[in-house]
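**Student:** Starting off with a structure, shown below.
The values are calculated or read from the model by the stated rules, or taken from the named source; none is laboratory data. Computed from a prediction, not measured in an experiment: that's the story for all the values here. With ideal geometry, Cβ positions are generated from the backbone for all residues, glycine too; neighbour counts draw on all protein chains shown. In case anyone asks, the SASA skips ligands and DNA or RNA and just uses the protein heavy atoms, side chains included. Shrake-Rupley method; radii C 1.70, N 1.55, O 1.52, S 1.80 Å.
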Amino acid sequence: GLPSGWTIKKSRSRNRNYYFNESTKESVWEPPVGTNIQKLEAFEAQSKVKASHLLIKHRDSRRPASWREDPITRSKEDAIEILKSHQKRILNGEQTLSEIASTESDCSSAKRKGDLGWFERGQMQPSFEQATFALKVGELSDIVETDSGVHLIERTG
Ligand SMILES: N=C(N)NCCC[C@H](NC(=O)[C@@H]1CCC/C1=C\[C@H](COP(=O)(O)O)NC(=O)[C@@H](N)Cc1ccccc1)C(N)=O
């Protein structure tokens, strides 16, 4: 929704977007004159997601240790079986992902009930990113494998 020649850039320092004009090399905090605000807001809304996850690591994980166990020696097959048992309880409404993640997740986000906060494309491992961006808000993923281990992901925003 930006006028031609303008692009959106991510300011690391202020953790917000700014607008950059490729030809004049000018950068501004507010959308330039002529911006279609509705389109810009729609674009920005689909650029980031909020999610919680439950991570079960195994001996082949890139870092086979966590706040709850060090070292982690279970096999990948066992990690998948453990995650399947959690998945069943979440799907039949017995427990929520957050409740289980708090005590069972091998990620430091366990301390935040599995909450990872908001993130954009390019931050998480590809399979994790792909799975999360494919979910609707409130949906639970199937089992997702990354170099960290095996995950269940719930998109929350
Ligand atoms: N918010 C961010 N940008 N933080 C950096 C994410 C780095 C990213 N991480 C992953 O893709 C996986 C999926 C989700 C968690 C995760 C891995 C690991 C656990 O696995 P391990 O690295 O021991 O192999 N947990 C983390 O990173 C935690 N900081 C996530 C977190 C914890 C508390 C609050 C916010 C985020 C990657 N590119 O490796």
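**Student:** Looking at region 135-153 only, could you name the residues that are more than 27 Å from residue 12 (Cβ to Cβ) and small (Gly, Ala, Ser)?
**Tutor:** Residues satisfying the conditions are 138, 141, 149.
**Student:** Give region 101-125 a look and list any residue that's within 22 Å of residue 65 (Cα to Cα) and either out of contact with any strand residue (DSSP E or B) (no Cβ under 6 Å at 6 or more places or on another chain) or free of Cβ contacts under 8 Å to residues at least 12 places away in the same chain (or both), or say none.
**Tutor:** 102, 103, 104, 108, 110, 111, 112, 113, 123, 124
**Student:** If we keep just the residues of region 1-42 that are closer than 27 Å to residue 117 by Cβ and basic (Lys, Arg), which is most open to solvent (accessible area, probe 1.4 Å)?
**Tutor:** Within region 1-42, the match that is most open to solvent (accessible area, probe 1.4 Å) is 12.
**Student:** Quick one: what pairs do we get from region 145-157, first residue without any contact (Cβ under 8 Å) to a residue 60 or more places away in the chain, second part of a loop (DSSP other than H, G, I, E, B) and open to solvent by less than 50 Å² (accessible area, probe 1.4 Å), C-beta under 7 Å, 6+ apart or different chains?
**Tutor:** Qualifying pairs under 7 Å: 146/125.
**Student:** With 88, 39 as the choices, which residue is closer than 15 Å to residue 152 by Cα, more than 10 Å from the ligand (Cβ to nearest atom) and not aromatic (Phe, Trp, Tyr)?
**Tutor:** 88
**Student:** Additional query: Counting just the residues of region 142-157 that are of a type in the set (Gly, Ala, Ser) and open to solvent by 10 Å² or more (accessible area, probe 1.4 Å), which one comes out nearest to the ligand (Cβ to nearest atom)?
**Tutor:** 148
**Student:** A further question follows. In the set 51, 45, which member is closer than 30 Å to residue 143 by Cα, open to solvent by 40 Å² or more (accessible area, probe 1.4 Å) and not basic (Lys, Arg)?
**Tutor:** 45
**Student:** Any residue at all in region 101-118 that's within 14 Å of the ligand (Cβ to nearest atom), open to solvent by 60 Å² or more (accessible area, probe 1.4 Å), closer than 30 Å to residue 9 by Cα and within 12 Å of the chain's Cα centre (by Cα)?
**Tutor:** Scanning region 101-118, I find at least one residue that is within 14 Å of the ligand (Cβ to nearest atom), open to solvent by 60 Å² or more (accessible area, probe 1.4 Å), closer than 30 Å to residue 9 by Cα and within 12 Å of the chain's Cα centre (by Cα), so the answer is yes.
**Student:** Right, something else. Residue 131 fails exactly one of the following numbered conditions: (1) surrounded by 18 or more Cβ atoms within 10 Å (Cβ to Cβ); (2) more than 11 Å from the ligand (Cβ to nearest atom); (3) free of Cβ contacts under 8 Å to residues at least 24 places away in the same chain. What is the number of that condition?
**Tutor:** The failed condition is (2).
**Student:** Looking only at region 59-78, count how many residues are open to solvent by less than 20 Å² (accessible area, probe 1.4 Å) and more than 11 Å from the ligand (Cβ to nearest atom).
**Tutor:** Adding up the residues that qualify gives 1.
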